[in-house]
Amino acid sequence: MRLLIAIAWRNLWRNRRRTLITILAVAFAVMLSLAMRGLQLGTYELNIKNAISLFSGYLQVQKTGYQENPSLQKSFRADPQLTDLLDSIPEITGYAPRITATGLVSFGDNTKGAAIIAISPDQERRVSKILERVNTGAAFASDSSDQILMGHKLLKNLRAQIGDRVVILAQGYDGSLGNRFFTVGGTLKTGSADLDGTVVLMGRQTADDLLSTYGRINMLALSLRDYRETGAVQKKLSTALSGSPLSVLNWEEMMPALKQAIALDDVGGQLFLMILVTVVSFGIMNTVLMSITERFKEFGVSLAVGMPYRKLVTQVILETIFITAIGLALGNLLGAGINYYFTTHPILLGGEYADLFAEFGFLPQQQSTMRPDIFINITLMMLGISLLAAVYPIVKVYRLEPLKGIRYT
């Protein structure tokens, strides 16, 4: 075996230029694949984390059916048994109760539809960054404050200003119509057109009076140490709550539009990757085929003196592995450098590109990632496709007859 390895290595450099070109082609393909997938998956992670941390949370505990048909009637009480369960799971770093409803907000002669969200400020800060998106003014400090935060577009559409008093009208849990004056304490600028144009944020105790909920909530939003733990924590909670009317939803179930946008973009990336790998595989096949064709006379002589076919085939496989391995090592090194750079120096987009990304709910920013699975998957894929590309040359060697090989010119 050592002799075959030595011969295979020497054969690579009989045509140094061709071997180097093939190695560089493999390295370039691996580097480009790693850079592209790194930017894609890193940008996906960035936008997922942004959407999760902005408001939705990694997981939400809701009453079964609420996601499909939101209603105050699908509310529940966060009893000590539930909060003790959440406290017992180390992956959960915080949870925030919320009340959601729809209503009308009026100022003067102007009335607009509003998405009312009631929170507890201290708990909310442990789960989301919604209170960090105060654009002007200041957030309310307590659950019972009569101040509210409004989306900056909603405030503009009402033609109101910070400090003005507005009236909010909404149907309560008991079916009654609640109405109350509130003071606009500040505005929110989240980057989401839906939130900025409709959201009204208020304290939970204040909402209890307006909506007659009195301790009932629509959801518990959860934050985790890492979004990759979402599946395990969801399974654990779902098992513990299996006998109750509550359900545990992950971010994909809460934000299907974001999931679909990512899936659609990912298809294009995978298609480009397949085309790139296919082109490189033909290059490898061409190199190996030319290399063995030039040596048909040598192979014929070797077979004539009794060399087994399996040793010739092994030699060809070793040459393919050497070319691929060198290209993979060089490509992984270059790809890691590129991914590391774009991980620490994200690409900030502006102009039309920023508007396009915002239209699909993405941040106008691209960032790479150093996730090991990207390097492992692309390396294994390139290695597999390279060995597959060597099948035809190997078949040619296996079918070679000693006499035809000796006479080959």
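Here, each number is a calculation from the coordinates, and none is a lab measurement. Just so you know, these numbers come straight off a predicted model, no measurement behind them. Virtual Cβ from ideal backbone geometry, glycine too; neighbours counted across all protein chains shown.
Calculate, in nm to one decimal, what Ala257 and Asp174 gain on full extension: separation in residues at 0.36 nm each, minus their alpha carbon distance. Don't jump to the answer; show the numbers that get you there.
On the way: separation 83, 0.36 × 83 = 29.88 nm, distance 3.25 nm.
Value of the extension gain: 26.6 nm.
Scanning the chain for helices, which whole DSSP H stretches are 27 Å or more long along the axis (Cα) and average 1.0 or more by Kyte-Doolittle?
Values: long enough: 16-51 (52 Å, 0.64); 256-293 (54 Å, 1.33); 309-344 (52 Å, 0.92).
Correct list, ordered by number: 256-293.
Once Lys and Arg get +1 and Asp and Glu get -1 on their Cβ, which of Pro245, Val277, Ile292 lies farthest toward the positive end of the dipole of the range 235-311?
Of Pro245, Val277, Ile292, it is Ile292.
Tell me, what HN-Hα J-couplings in whole Hz come from the Karplus equation 6.51 cos²θ - 1.76 cosθ + 1.60 at θ = phi - 60° for each residue of the range 136-141, using x for Gly and Pro?
Working through the residues one at a time gives 9, x, 9, 6, 5, 9 Hz.
I need the peptides 29-41, 97-109 ranked by packing, meaning the mean over residues of other C-beta atoms within 10 angstrom, with the highest value on top.
Averaged packing, sorted descending, gives the order 29-41, 97-109.
Under the 0.36 nm per residue contour assumption, what length would be gained going from the current alpha-carbon distance of Val391 and Asn135 to full extension? Don't skip to the answer; put the middle values down first.
Working: separation 256, 0.36 × 256 = 92.16 nm, distance 6.24 nm.
Fully extending the segment from Val391 to Asn135 adds 85.9 nm.
How would you rank 334-341, 194-201, highest first, on the average number of other Cβ atoms within 10 Å across their residues?
Details: 334-341: 17.5, 194-201: 21.2.
Ranked by mean Cβ neighbours within 10 Å, highest first: 194-201, 334-341.
So if I take the centroid of the Cα atoms in the range 66-85 and the same for the range 277-342, what is the distance between those two points in Å?
Taking the Cα centre of the range 277-342 as reference, the centre of the range 66-85 is 61 Å away.
Near the amide H of Leu188, under 5 Å away, which other amide H atoms are found, from residues 5 or more places off or on another chain, if H is placed in the peptide plane?
The answer is Asn135, Met150, Gly151, His152.
Relative to the Cα centre, what is the charge dipole magnitude of the chain, using +1 at the beta carbon of each Lys and Arg, -1 at the beta carbon of each Asp and Glu, and rounding to the nearest 20 debye? Walk me through the numbers on the way to the answer.
On the way: 39 positive and 32 negative charges, 476 e Å.
That gives the chain a dipole magnitude of about 2280 debye.
Counting only residues 5 or more places away or on other chains, whose amide H sits under 5 Å from the amide H of Ala115 once H atoms are built in the peptide plane?
Under 5 Å from the amide H of Ala115: Val199, Val200.
Which pairs break 23 Å Cα to Cα here: Lys74/Lys112; Lys49/Lys112; Lys49/Lys259?
Working: Lys74/Lys112 25 Å; Lys49/Lys112 31 Å; Lys49/Lys259 13 Å.
The answer is Lys74/Lys112; Lys49/Lys112.
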